[in-house]
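Shown next, in structure tokens, is the structure this report addresses.
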Amino acid sequence: MDVAIGHCWRCENAITREVNCRQCGVAKYCSDTCCRRDQYRHQPECEEWRPKRCSNPTCTSDSRQALKECTSCNEASYCGKVCQKAQWKDHKHKCRERAHEIRTKGAALQSYFQQQCFPGLVPYYFGNALAIDMLNLHANECKMKPKPENRDPLKSNFAILSAGCGNLRNWAHTVASLPAEFSGKLHTVLNDFDPFVQARNVLQLYMMVIYQDEANIATSITNIWYSLKISEKDYNLVVACLTTLQDLTSSNLREVTGGVIQLTEADMAPMREVWQSWLNLECRKGHPNYIDLQEQRRDVFRNSPNAAEGIDVYKKELPGDFVPSYNDYLATGNFQPFGSKRVDLQYDNPTLTGYMFPYDRYDAIEAMKILASPKKVTFVYCIGVDLTPFGSWDYLKVKKNHYHRSMIVMFHGYITDQIQQVMRCLKAGHLTVSFIVWNCLELSARLDQESCKCDRIFTSNIADYSGTQPLLKVMKPFLNHENKSSTIVTQYWNWYLLFPCAKIEGPVSVRASRTKILAECSIAAIKDTCIDIVGEAPFNNPLFMSLEMMKTAGHGPYFWQEYFNYTKYFVSYLRAEFMAFNQSLGGVSDDVWHTVHMQRLFEFSGLKDAEAEMPTVTSGGEAATAKPPPFQKVRQREGLEMRDFRRGEPNKVVPFRYRRNVRRVNLFRGMERMLEWYIPESLDN
């Protein structure tokens with residue numbers, strides 16, 4: 001759950017008198033009112049967590065504790081062999097169908113992972129997922145029972161490895177979330193294969209270190225991070241920093257930042273090419289060779305399929321007060337605090353430029369050449385249409401601390417505050433950061449496994465492209481075995497493209513059978529999002545419900561997704577993915593591979609995902625008879641164990657999933673999942 005421990009799952013206030021869900025006992029509330037109001041949102045997860053009944057309808061046993069799950073489909077449970085045998089005639093078709101689906105999708109994934117090479121369509125200067133606290137001390141080390149051998153976590157040193165780190169938002173939010181009493185040191189390894197992203201990260205951190213005593217520096221850094229147009233003062237700051245950085249060696253950089261920024265000359269070389277290219281851009285309107293990022297940005301929007309449709313759906317979901325400020329940002333790309341005058345924003349922001357592949361002409365080989373030598377590319381505006389400042393930071397946290405009717409003012413204030421807190425930690429000497437430009441799956445060539453031991457390892461959604469098992473195998477040696485709270489986090493954004501039935505609307509072939517489910521989820525969505533505002537009485541008014549149904553019809557299917565229990569499909573994906581690495585499966589045709597690959601491209605670029613159902617994979621050899629692994633086996637890999645989301649076991653570092661409809665300002669589907677892997681005491685070696 002995405003609510004802090006000890007807080008209500010509905011209103012998020014601290015719990016003084018705990019009320020548990022009467023069915024599952026997992027969900028926790030501060031009152032009966034919150035428990036009742038959360039019933040519509042909580043229903044799908046409650047279905048998974050509450051005690052199950054025997055799947056044999058003729059069973060007379062009341063026992064719910066000794067049930068055993070069908071290991072083939074994970075969708076039926078029995079109290080014994082007698083009931084399983086009695087129900088087999090009715091169950092076998094569905095069971096075999098699920099097992100066949102897992103086998104065939106496992107074969108598709110096997111081929112996909114073997115051929116995958118995907119360095120990206122654009123540099124991710126803006127995040128495409130919510131900033132998270134990668135350490136979360138209060139829910140981990142600070143929760144451990146005091147022992148003589150345990151050091152005070154608030155006085156201890158910690159290390160984090162962030163593979164595929166993207167921009168600085170996760171690191172900044174982690175640092176800003178450190179307890180005020182923290183007096184230890186935090187070392188973070190930020191790894192990404194993209195030197196454009198890393199060059200921007202180093203530039204921003206350099207600004208925080210060198211100019212931390214200057215007035216309004218945090219505001220300037222926020223402007224430079226997200227705004228298309230910047231003032232002369234902010235532009236001169238960028239130029240001054242770039243001019244210095246391009247002439248520094250890696251050892252000089254470490255020295256001038258007091259050891260905060262650490263990297264090798266090999267990592268710095270491609271970044272230097274990026275810095276020099278930014279310096280060479282003409283950013284003042286009216287000058288020869290002016291880059292005109294406003295016009296470049298318009299071209300990106302014009303040439304992006306489904307951009308207009310996506311923007312329209314997003315605006316329909318926004319609270320009405322936010323629409324004017326979003327329209328302003330949409331029209332200009334400017335992200336400036338309240339009171340800024342556009343006449344003062346005379347310069348285009350050079351750090352919003354880099355490489356950008358047209359969605360229909362992506363070339364992985366060409367992308368690798370660009371990443372190896374950035375200076376060879378023509379620098380252009382490179383922010384995807386789906387990437388905004390409003391999709392990078394948790395709206396619930398932003399609203400709680402900096403609410404304003406203007407989205408720009410609200411988010412700008414929150415991000416600026418995060419940067420100010422980071423600079424306070426820098427000034428206190430708590431932070432050091434290593435930057436590595438390298439493929440995360442080959443980190444053993446860059447990091448010493450004996451000396452680099454991390455308390456948290458965050459892997460973004462690299463598992464979407466590498467698979468979970470290779471990723472865990474690479475990362476486990478860097479995990480700190482001495483810390484019982486050490487965790488590896490794997491993230492999954494694209495999994496449902498292989499299991500399209502996980503979408504509430506689903507492929508065309510299943511929509512007719514889901515008419516009732518669609519209606520139920522739509523009604524649940526309306527009740528869940530309205531009940532805190534209007535109470536329960538209007539729900540009995542047909543006119544009210546009809547008007548709300550019409551109002552939400554344009555929100556898109558992801559508005560209803562939260563109320564559809566599709567856990568079984570995610571479980572099937574994890575089982576299929578496990579098979580792709582642990583069992584011999586038949587190959588797939590080029591047509592099937594192309595479909596999978598194109599669907600991944602659509603998802604990665606933020607475009608509307610492909611609607612067609614995955615083609616059937618015909619496999620030979622062992623694939624036709626290979627038995628899908630039970631979920632329990634999938635949970636234990638490489639000497640690590642996954643927290644069991646099916647049993648209501650909560651993640652301790654990051655949420656397993658986010659509630660979507662309380663975050664409609666954030667641009668995400670609600671299909672994203674995060675798994676946590678730890679070393680259980682029974683397996684610790």
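The values are calculated or read from the model by the stated rules, or taken from the named source; none is laboratory data. Because the structure is predicted, anything quoted here is derived from the model rather than measured. Don't worry about glycine lacking a Cβ; one is built from the backbone with ideal geometry, like all the others, and counts go over all protein chains shown.
If you check residue 485 against the conditions, is it part of a loop (DSSP other than H, G, I, E, B) and in contact with a strand residue (DSSP E or B) (Cβ under 9 Å, 6 or more places away or on another chain)?
On the way: part of a loop (DSSP other than H, G, I, E, B): yes; in contact with a strand residue (DSSP E or B) (Cβ under 9 Å, 6 or more places away or on another chain): yes.
Yes: the conditions hold for residue 485.
Just to be sure I understand, how many residues within the range 275-301 are outside any loop (DSSP other than H, G, I, E, B), within 30 Å of residue 249 (Cβ to Cβ) and in contact (Cβ under 8 Å) with a residue 12 or more places away in the chain?
So the count comes out to 5.
Being hydroxyl-bearing (Ser, Thr, Tyr) and modelled with pLDDT of 95 or more is the filter here; which residues of the range 427-459 pass it? Break it down into steps so the answer makes sense when it comes.
The first filter runs over the range 427-459 and keeps only residues hydroxyl-bearing (Ser, Thr, Tyr), leaving 432, 434, 444, 451, 459.
Result: 432, 434, 459.
Of the residues 654, 662, 592, 588, only one is of a type in the set (Val, Ile, Thr), assigned to a loop (DSSP other than H, G, I, E, B) and at pLDDT below 70; which? Don't jump to the end; show me each part of the working.
Working: 654 fails: at pLDDT below 70; 662 fails: at pLDDT below 70; 592 fails: assigned to a loop (DSSP other than H, G, I, E, B).
Testing whether each residue is of a type in the set (Val, Ile, Thr), assigned to a loop (DSSP other than H, G, I, E, B) and at pLDDT below 70 leaves just 588.
Which residues, taken from the range 422-469, are in a loop (DSSP other than H, G, I, E, B) and among the hydrophobic types (A, V, I, L, M, F, W, C)?
The first filter runs over the range 422-469 and keeps only residues in a loop (DSSP other than H, G, I, E, B), leaving 428-430, 437-439, 446-453, 455, 459-462, 467.
If the condition is that a residue be in a loop (DSSP other than H, G, I, E, B) and among the hydrophobic types (A, V, I, L, M, F, W, C), then 428, 437, 438, 447, 452, 462 are the ones that fit.
Would you mind telling me which numbered condition in (1) under 22 Å from residue 661 (Cα atoms); (2) at pLDDT 90 or above; (3) assigned to a loop (DSSP other than H, G, I, E, B) residue 546 fails?
Unmet condition: (3).
If you check 68, 89, 52, 94, which single one turns out to be more than 35 Å from the chain's Cα centre (by Cα) and farther than 30 Å from residue 192 by Cβ? First the steps, then the outcome.
Working: 68 fails: more than 35 Å from the chain's Cα centre (by Cα); 52 fails: more than 35 Å from the chain's Cα centre (by Cα); 94 fails: more than 35 Å from the chain's Cα centre (by Cα).
The unique qualifying residue is 89.
Scan (1) touching a residue at least 60 places away in the same chain (Cβ under 8 Å); (2) in a helix (DSSP H, G or I) for the single condition residue 304 breaks and write down its number.
(2)
One residue is enough: does the range 304-327 have a residue meeting the conditions under 23 Å from residue 350 (Cβ atoms) and not small (Gly, Ala, Ser)?
Of all residues in the range 304-327, those under 23 Å from residue 350 (Cβ atoms) come to 304.
Now narrow it down to the ones that are not small (Gly, Ala, Ser): none.
No, that holds for no residue.
Identify, by number, the condition in (1) part of a loop (DSSP other than H, G, I, E, B); (2) out of contact with any Pro (no Cβ under 8 Å at 6 or more places or on another chain) that residue 2 doesn't meet.
Result: residue 2 passes all but (2).
Has the range 59-78 got any residue that is loosely packed, with under 15 Cβ neighbours inside 10 Å, polar (S, T, N, Q), without any contact (Cβ under 8 Å) to a residue 12 or more places away in the chain and part of a loop (DSSP other than H, G, I, E, B)?
yes
Any idea which of 254, 200 is among the charged types (D, E, K, R), at negative phi, assigned to a helix (DSSP H, G or I) and surrounded by fewer than 19 Cβ atoms within 10 Å (Cβ to Cβ)? Steps first, please.
Numbers: 200 fails: surrounded by fewer than 19 Cβ atoms within 10 Å (Cβ to Cβ).
One residue alone meets the criteria, 254.
So which pairs qualify, if the first residue must be in the range 187-209 and more than 18 Å from residue 121 (Cα to Cα), the second must be polar (S, T, N, Q) and part of a loop (DSSP other than H, G, I, E, B), the Cβ gap must be under 6 Å, and the two must be at least 6 apart or on different chains?
Taking only residues 6 or more apart or on different chains, the pairs are 209/257.
Can you say whether residue 510 is in contact with a Cys (Cβ under 7 Å, 6 or more places away or on another chain) and part of a helix (DSSP H, G or I), as far as the supplied structure shows?
Values: in contact with a Cys (Cβ under 7 Å, 6 or more places away or on another chain): yes; part of a helix (DSSP H, G or I): yes.
So residue 510 passes the test.
Only one of 32, 38 is closer than 18 Å to residue 531 by Cα and crowded, with 20+ Cβ neighbours inside 10 Å; which? Reasoning before the result, please.
Details: 32 fails: crowded, with 20+ Cβ neighbours inside 10 Å.
Going through 32, 38 in turn, just one is closer than 18 Å to residue 531 by Cα and crowded, with 20+ Cβ neighbours inside 10 Å: 38.
Based on this model, can you work out whether residue 338 counts as surrounded by fewer than 17 Cβ atoms within 10 Å (Cβ to Cβ), within 26 Å of residue 414 (Cβ to Cβ), touching a residue at least 12 places away in the same chain (Cβ under 8 Å) and of a type in the set (Phe, Trp, Tyr)? Outline the logic, then answer.
On the way: surrounded by fewer than 17 Cβ atoms within 10 Å (Cβ to Cβ): yes; within 26 Å of residue 414 (Cβ to Cβ): yes; touching a residue at least 12 places away in the same chain (Cβ under 8 Å): yes; of a type in the set (Phe, Trp, Tyr): yes.
Answer is yes for this residue.
If you take the residues in the range 86-126 that are in a loop (DSSP other than H, G, I, E, B) and aliphatic (A, V, I, L, M), which one is modelled with the lowest pLDDT? I'd like the intermediate steps shown before the answer.
Residues of the range 86-126 in a loop (DSSP other than H, G, I, E, B): 116-126.
Add one more test, that the residue is aliphatic (A, V, I, L, M), and what stays is 121-122.
On the way: 121: 78, 122: 85.
Checking each candidate, the answer is 121.
One line per residue, one yes/no per condition, for (1) touching a strand residue (DSSP E or B) at 6+ places or on another chain (Cβ under 8 Å); (2) of a type outside the set (Gly, Ala, Ser):
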residue	(1), (2)
160	yes, yes
164	yes, no
183	no, no
199	no, no
202	yes, yes
216	no, yes
224	yes, yes
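Can you list residue pairs whose Cβ atoms sit under 7 Å apart, with the first residue in the range 421-449 being farther than 15 Å from residue 184 by Cβ and the second being hydroxyl-bearing (Ser, Thr, Tyr)? Count only pairs 6 or more apart in sequence or on different chains.
Here the result reads 433/188; 441/466, each pair linking the range 421-449 to a residue that is hydroxyl-bearing (Ser, Thr, Tyr).
Can you spot a residue in the range 491-508 that is farther than 29 Å from residue 651 by Cα and surrounded by fewer than 20 Cβ atoms within 10 Å (Cβ to Cβ)?
If we filter the range 491-508 for residues that are farther than 29 Å from residue 651 by Cα, which is where we start, we get 507-508.
Filter again for surrounded by fewer than 20 Cβ atoms within 10 Å (Cβ to Cβ), leaving 507-508.
The answer is yes, given that some residue of the range 491-508 is farther than 29 Å from residue 651 by Cα and surrounded by fewer than 20 Cβ atoms within 10 Å (Cβ to Cβ).
Mind checking which residues of the range 59-96 are more than 22 Å from residue 24 (Cβ to Cβ), of a type in the set (D, E, K, R) and touching a Pro at 6+ places or on another chain (Cβ under 6 Å)?
Result: no residue meets the conditions.
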